[in-house]
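Asker: Encoded as structure tokens, here's the structure I'll be asking about.
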Amino acid sequence: MITNQEDLQALIRRARTVDAVALDTEFVWERTYYPKLGLIQLALSNEECFLIDPCALTDLSSLGELLGDPAVVKIFHDAPQDLSILYQATGVLPKRIFDSRLASGFAGISSTISLGNLLKELLDIDLPKTETRTNWLRRPLHQKQIEYALDDVRYLRAIRVLLLSRILTQTVKDWLQQELDRYDDPNYFKPPADENRYQKIKGAGNLSRQSLASLQLLASWREQEARKRNRPRGHIISDQVILLLAAKQIETIEEMGRGEIMTNYTIEQYGQQLIALIKKGLLCPEKNCPPSLQKNKLNKREQEELKKLQEYITLKSDVHGLDPGLISNTSELRALIRVRNHSDQIYPKRLVNGWRKGFLAEML
């Protein structure tokens, strides 16, 4: 376990002399807005695997130097969460990332495969799942935790080689690289704007535009409050409650207290602020209210178009050895069908940019 700066710097110097390293993180994310980093795993080879203890190290800048070094490939499995946490811990934007989960989709395997299943598929190795719910902040770590953590990076270098060998053509390799290049973009690490958080709340599509204006303000306020207090969003106020407040357009403390919508503590703590936000939303002119999130139903002809489009994507994906799920999701395809039949609709951004635009050219 690396617990001091001297050992960390020595390890990073070694890591920057190899062509590729494997990385992973373990963290706890239960009672805070920001995840708490508990462990960093780094492998230089199958045999040279190391644990870095962020609980003992106050300065991870040397690790940041490795992350930002374009001469060394950094291999992760399902990279986004790890990259976000390491960016937060080091302040350094990563360069040259290889995501084995993403790459699996370009190698004829599922793009959502777990590391355990991928190891079984490629190397016939079974990984134990005993420590998936462990507390990685507690010290000392016991031997099973240590072995579990090391196994998460031990085979990633070999997996990368095997996945790249399975990709059929240079064209597909170029498509994969386009996807991996997203991790080098500083904008990738920008969180969604607070004013757009309401779009993620289940049930928002059932609200009127006027109620959506209130929901938008409530969700944005909650995001800022959770961040300020470093508490989970749901610990401030749940999705269900702010959806109900916006839908019912509750404007008084008395209404808020009826039907056990909220606890007395939450009402005392936030009631007046919430009411002010709801009222502000209700005063919003309709032309300035957020657009409806209600999903437009496809008619029978459009449903047939959707089916043909899905069949086309599946067939072409098979030809190139791709997981069809890489191309698009159902919501994007439905939106694409709507664009083709209604002039006031907007093309799904992801489908008209980069390699997907060429892949779908005949259908666009």
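Asker: Residues that are surrounded by fewer than 16 Cβ atoms within 10 Å (Cβ to Cβ) and either in contact with a Leu (Cβ under 7 Å, 6 or more places away or on another chain) or among the small types (Gly, Ala, Ser) (or both): does region 97-107 have at least one?
Answerer: no
Asker: So if I check each of Leu212, Leu243, Leu217, which one is out of contact with any helix residue (DSSP H, G or I) (no Cβ under 6 Å at 6 or more places or on another chain), more than 27 Å from Glu30 (Cβ to Cβ) and modelled with pLDDT of 95 or more?
Answerer: Going through Leu212, Leu243, Leu217 in turn, the sole match is Leu212.
Asker: Then there's this: Which of the residues that make up region 195-207 are without any contact (Cβ under 8 Å) to a residue 40 or more places away in the chain and crowded, with 16+ Cβ neighbours inside 10 Å?
Answerer: Of everything in region 195-207, just one residue is without any contact (Cβ under 8 Å) to a residue 40 or more places away in the chain and crowded, with 16+ Cβ neighbours inside 10 Å, namely Arg197.
Asker: Quick check: is even one residue across region 252-265 part of a helix (DSSP H, G or I), under 30 Å from Lys36 (Cβ atoms), modelled with pLDDT of 95 or more and not assigned by TED's automatic domain parsing to the domain that holds Tyr347?
Answerer: no
Asker: Having 1 or more residues that are under 19 Å from the mean Cα position of the chain (by Cα) is the bar; report the helices (runs of 4 or more DSSP H) wholly within region 153-229 that clear it.
Answerer: 170-181, 209-229
Asker: So, one more: Considering only residues of region 33-47 that are surrounded by 17 or more Cβ atoms within 10 Å (Cβ to Cβ) and over 30 Å from Gly234 (Cβ atoms), which is farthest from the chain's Cα centre (by Cα)?
Answerer: Selected residue: Leu44.
Asker: Please return the ranges of strands (runs of 3 or more DSSP E) entirely within region 38-112 where 2 or more residues are in contact with a helix residue (DSSP H, G or I) (Cβ under 8 Å, 6 or more places away or on another chain), in the same structural domain as Leu150 (by TED's automatic domain parsing) and under 18 Å from Asp185 (Cβ atoms). Walk me through it before giving the result.
Answerer: Numbers: elements: 49-52, 73-76, 97-99.
Strands (runs of 3 or more DSSP E) meeting the threshold: 73-76, 97-99.
Asker: Still on this structure: Considering only residues that are buried (at least 23 other Cβ atoms within 10 Å of the Cβ) and out of contact with any Lys or Arg (no Cβ under 7 Å at 6 or more places or on another chain), look in region 55-78 and name the one that is farthest from Asp181 (Cα to Cα).
Answerer: Leu63
Asker: How many residues, within region 116-160, are of a type outside the set (Ser, Thr, Tyr), without any contact (Cβ under 8 Å) to a residue 40 or more places away in the chain and surrounded by 13 or more Cβ atoms within 10 Å (Cβ to Cβ)?
Answerer: 10
Asker: Hey, another quick one. Kindly indicate whether any position in region 79-95 is buried (at least 19 other Cβ atoms within 10 Å of the Cβ) and over 30 Å from Ile327 (Cβ atoms).
Answerer: yes
Asker: Just the residues that are more than 24 Å from the chain's Cα centre (by Cα), touching a residue at least 60 places away in the same chain (Cβ under 8 Å) and exposed (fewer than 15 other Cβ atoms within 10 Å of the Cβ), please, taken from region 295-331.
Answerer: none
Asker: Here's something else I'd like to know. Quick check on region 97-106. Is at least one of its residues hydrophobic (A, V, I, L, M, F, W, C), at pLDDT 95 or above and farther than 28 Å from Thr17 by Cα?
Answerer: Here is the first cut: in region 97-106, the ones hydrophobic (A, V, I, L, M, F, W, C) are 97-98, 102-103, 106.
If we keep only those that are at pLDDT 95 or above as well, we get 97-98, 102-103, 106.
Okay, now just the ones that are also farther than 28 Å from Thr17 by Cα, so 106.
So far as region 97-106 goes, yes, one or more of its residues are hydrophobic (A, V, I, L, M, F, W, C), at pLDDT 95 or above and farther than 28 Å from Thr17 by Cα.
Asker: Related question: Give me the pairs: first residue in region 7-18 and over 14 Å from Asp53 (Cβ atoms) and in the same structural domain as Glu65 (by TED's automatic domain parsing), second residue among the acidic types (Asp, Glu) and buried (at least 16 other Cβ atoms within 10 Å of the Cβ), beta-carbon distance under 9 Å, and six or more apart or on different chains, which are they?
Answerer: Close Cβ pairs (under 9 Å, with a partner that is among the acidic types (Asp, Glu) and buried (at least 16 other Cβ atoms within 10 Å of the Cβ)) amount to Ile12/Glu65; Ala15/Asp69; Arg16/Glu65; Arg16/Asp69.
Asker: Could you check Val339 against (1) among the aliphatic types (A, V, I, L, M); (2) within 30 Å of Trp29 (Cα to Cα); (3) at pLDDT below 95 and say which number it fails?
Answerer: Every listed condition holds for Val339 apart from (2).
The values are calculated or read from the model by the stated rules, or taken from the named source; none is laboratory data. None of these values were measured; they are calculated from a predicted model. Virtual Cβ from ideal backbone geometry, glycine too; neighbours counted across all protein chains shown.
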